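The values are calculated or read from the model by the stated rules, or taken from the named source; none is laboratory data. On a predicted model such as this, the values are computed, not experimentally measured, just so you know. Quick reminder, even Gly has a Cβ in these numbers, built from the backbone with ideal geometry, and neighbours come from all protein chains shown. For the accessible areas, the whole protein counts, side chains as well, though only heavy atoms, and no ligand, DNA or RNA atoms are used. Shrake-Rupley method; radii C 1.70, N 1.55, O 1.52, S 1.80 Å.
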Amino acid sequence: MSHDAVLIIDFGSQVTQLIARRVRETGVYCEIHPYQKSEEAFARLKPKAVILSGGPDSVTRDGSPRAPQSVFSAGIPILAICYGQQTTAVQLGGVVEGGHAAEFGRADIEIREPSALFDGLWEFGKRYPVWMSHGDRVTQLPPGFVVKATSENAPFAIATDEARRIYTTMFHPEVVHTPDGGKLLANFVHRIAGLKSDWTMGAYRAEMIAKIKAQVGKGRVICGLSGGVDSSVAAVLIHEAIGAQLTCVYVDHGLMRKGESEQVVSLFRGHYNIPLVHVDASTLFLDALDGVSDPETKRKTIGKLFIEVFEKEAAKIGGAEFLAQGTLYPDVIESVSFSGGPSVTIKSHHNVGGLPERMNMKLVEPLRELFKDEVRALGRELGLPEAFVGRHPFPGPGLAIRVPGAITREKLDILREADAIYLEEIRKAGLYDVIWQAFAVLLPVRTVGVMGDGRTYDHVCALRAVTSVDGMTADFFPFDMNFLGRAATRIINEVKGINRVVYDVTSKPPGTIEWE
């Protein structure tokens, strides 16, 4: 693809992906590469600008990460964030020290001098909120650098060498807690680096269709369709490129939400006329999960069976040389991550290690350069119904991990009904698109309750709804009590087997999973 690019060098920050998302939101293409491989990426990508991320290490430690020196001598604009500022200072002749007051969370910076970085955003002498996360600090700037902004514990909150177009910040502009951070990044890529906004899903669609045609030729492609956003968008894009050369295989494991299997079959067979093999393997999966309580064992059991079923169906189709999958850019980043992420594997919607090598198929991965929000935008570009494009994330193992403890068909049926009512109430309240993810969980406990003149001993249903920008962290959604009362009353009255409903108000810190 022929787009001007920004290289983001990753020093291990948990929010590096947010830098890329903010840059992509400006219409500029960018790639993330770990610092260990950034020299090669810099030479290959030939970026028009470079951004250095934050990171957990200390530049005062021997052997701590550094940026390639070639980046600083290339004469292209550089934006260095947090750890990036510190390594820039050290590599260009400044000094960084530990032992000073740390600064974590919200802080205010005061603008001391104008800069192209915040031109049109921030004014001299005024204070603006940002998000800090640092222990060390720069205590001596390299030659040519000037302080542009300070905070209480960061005397060089912004320091720049405008002549060399090197801009450094101690705060994180990529996070939502820095209100003007996205605009600051837009200033960097547009005003300073002069890059065009040519990264659009319309352009990506045309480019990827041409690429798929060139890769596949007259070959046949099999796509494992889950009904989720990623595989649905991948399937429609590939079908637009090669038509009937694509066959989709939908393995129904019996763990989907209410009505979803019917929706998948109707959309892809009826609306798009895409060749689709619907495999009802629910009995096979549910029999294998009988009595299994451990969530990891559930995942592995589902993953193993999925491979077996998919491989069997692929053999029946015959003649397919290519396997399509909905790999996203975060999967690619993780596979070569700073922290030594897992090796590159085939991503199924069950989070398993990959299909057997004996299948000997080449991969078609039309979404591997996209973030989730870009996949949704591409889906809209392709005309996919909003019910699919805007669907809340759904875990690969499906309802298996929303029924903690042993799974039974009865429990799954109870949960499906409760979950459907909950989501229906959310939609009726106009909140579905405001919430990042909402779902019901059937807890592994029963309680005594009184309903009318009778006593019951039934399941407890937990409701969860969270807001999130990136899926890495999440906060519970603040429903009002009227909504919760309506939803709980309907579930208790309409779903036989539930006599109590609770609302989960925990937050999700980085690195955690939803419910297991």
If I model a spin label as a point 7 Å beyond the Cα along the Cα-Cβ vector, how far apart are those points for Y503 and L121 in nm?
3.6
Label selected from (1) 0.88; (2) 1.08; (3) 1.01, the criterion being Cα Rg over 2.2 N^0.38 Å as computed here
(2)
What is the dipole size for the range 1-145, taken about its Cα centre, with +1 at each Lys and Arg Cβ and -1 at each Asp and Glu Cβ, in debye to the nearest 20?
240
For F171 the rounded accessible area (nearest 10 Å², probe 1.4 Å, non-protein molecules ignored) is 0
In the range 207-335, what percent of the accessible surface is made up of carbon and sulfur (1.4 Å probe, ligands and nucleic acids excluded)?
52
Yeah, the range 29-101 with a ≥ b ≥ c from its alpha-carbon gyration tensor (a/c under 1.5 is rounded, else prolate when a/b outruns b/c, oblate otherwise) is prolate
Partner lysines whose C-alpha sits under 18 Å from that of K196, ignoring same-chain residues fewer than 8 away, are K46, K48, K183
Accessible surface of the range 1-116, 1.4 Å probe, proportion on carbon and sulfur as whole %
48
Pairs K304/K372; K37/K211; K218/K312; K312/K362; K258/K428; K316/K372: which are spaced more than 21 Å apart, C-alpha to C-alpha?
K304/K372; K37/K211; K218/K312; K316/K372
Mind checking which lysines have their Cα closer than 18 Å to the Cα of K298? Skip sequence neighbours fewer than 8 apart in that chain.
K347, K411
Expressed as a whole number of Å, what is the distance separating the alpha-carbon centroids of the range 202-227 and the range 5-19?
28
Expressed in whole Å with the largest first, what are the equivalent ellipsoid semi-axes of the range 45-191 derived from the C-alpha gyration tensor as the square root of 5 times each eigenvalue?
20, 19, 14
Any chance you could look up the accessible area of I492 with a 1.4 Å probe, heavy atoms only, rounded to 10 Å²?
40
Is it possible to state the helix-based mean residue ellipticity at 222 nm for the chain, with each DSSP H run of 4+ residues giving -39500 (n - 2.57), the sum divided by total residues, to the nearest 500 deg cm²/dmol? What is it?
-9000 deg cm²/dmol
Hey, how many Å between the Cα centroid of the range 368-389 and the Cα centroid of the range 21-51?
23
Relative contact order of the chain: what whole-number percent is it, with Cα pairs under 8 angstrom and at least 6 residues apart?
11
Whenever you get a sec, compute what percent of the accessible area on the range 395-491 sits on carbon and sulfur atoms (1.4 Å probe).
55
Using amide H atoms built in the peptide plane, which far-off residues or other-chain residues are under 5 Å from L276 H to H?
C248
Need one number: % antiparallel among DSSP beta bridges in the chain, to the nearest 5.
50
Can you tell me which lysines have their Cα less than 16 Å from the Cα of K126? Leave out same-chain residues fewer than eight positions away.
K148
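Using the Cβ atoms and a cut-off under 9 Å, what net charge is assigned to the surroundings of F156, where Lys and Arg are +1 and Asp and Glu are -1?
+2
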Post the alpha-carbon centroid distance, the range 99-164 to the range 262-301, in whole angstrom.
53
Computed over the range 175-231, protein heavy atoms only, probe 1.4 angstrom, the accessible area per residue in square angstrom equals 40
